[in-house]
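> Got a structure for you, questions after.
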Ligand SMILES: [Zn+2]
């Protein structure tokens, strides 16, 4: 990273709690979402997240006030079929795509009032079509904010990674936007003359 990049990213530390080991990736993902600067988000390592690698959620105690806070849980270990590697050994671009997707969920949450959040929680628990839609919304936020290339790399990484549990790959294929869908969205953005469909910091 260049000097100017580090200065540029400094602004994105506001209202965030960021673990040192993933600081570069998290700040880069945050830099695509300037509107999240005033939003409080804690990035927290967890030993285990059931069926997921990362997870974005509101802090329940802040749901009833005006300043909602969020937490993005990050699994400390990236589990493969027979082994697990520390999450920081996953390539940077893949992590940026992953974090960018979670931030897309927070963009979605930010548009919802308390009632909308409660409905979201119930829908996510009980309806797979609701989950599918929520995941598409998160991916779409990420693509529209210029993270298209990262999201794509993350998808391919998951779908092509032979050592990932088959069940997890099936879940991703079933519920999330496919790489083809993402390419189509990026192309559509470009056709509108919006170059942010492709990574604009490159
Ligand atoms: Zn998601």
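Bear in mind these aren't lab numbers, they're just calculated from the coordinates by the rules spelled out. Everything numeric in this text was worked out from a predicted model, so none of it was measured. FYI the Cβ positions are ideal-geometry reconstructions off the backbone, even for glycines, and counts take in every protein chain you see.
> Write down the Å³ per residue value for the convex hull defined by the alpha carbon atoms of the chain.
Values: hull volume 25.2 nm³, N = 202.
Here the figure is 125 Å³ per residue.
> Right, another one. Compute the FRET efficiency between residue 23 and residue 83 as 1/(1 + (r/R0)^6), taking r as their Cβ-Cβ distance and R0 = 22 Å, and round to the nearest 0.05. Walk me through the numbers on the way to the answer.
On the way: r = 26 Å, r/R0 = 1.18.
Rounded to the nearest 0.05, the efficiency is 0.25.
> So if each residue of separation counts as 0.36 nm, and I subtract the Cα-Cα distance between residue 47 and residue 10, what length gain in nm does that give? Intermediate values should be presented prior to the final figure.
Details: separation 37, 0.36 × 37 = 13.32 nm, distance 2.84 nm.
Length gained, residue 47 through residue 10: 10.5 nm.
> Moving on to the next point. Suppose only helical runs count, i.e. DSSP H with n ≥ 4. What mean residue ellipticity at 222 nm does that imply for the chain under -39500 (n - 2.57) per run, divided by all residues and rounded to the nearest 500 deg cm²/dmol? The partial results should precede the final answer.
Numbers: 8 runs with 99 residues, N = 202.
Computed mean residue ellipticity for the chain: -15500 deg cm²/dmol.
> Classify the stretch 1-67: rounded, prolate or oblate, from the alpha-carbon gyration tensor (a ≥ b ≥ c, eigenvalue square roots; a/c under 1.5 rounded; otherwise prolate if a/b is larger than b/c)? Don't skip to the answer; put the middle values down first.
On the way: a/c = 2.59, a/b = 1.34, b/c = 1.93.
Oblate shape, in that a/c is at least 1.5 and b/c is the bigger or equal ratio.
> Fewest first, what order do 103, 118 take by the number of other Cβ atoms within 10 Å? Walk me through the numbers on the way to the answer.
Working: 103 26, 118 12.
In order of increasing Cβ crowding within 10 Å: 118, 103.
> Something else now. In Å, what Rg and Dmax follow from the Cα atoms of the stretch 75-129?
15.3, 42
> Now for a separate question. When DSSP beta bridges are limited to those with both residues in the stretch 3-197, what percentage is antiparallel, rounded to the nearest 5? Don't jump to the answer; show the numbers that get you there.
Details: 8 of 17 bridges.
That works out to approximately 45 percent antiparallel.
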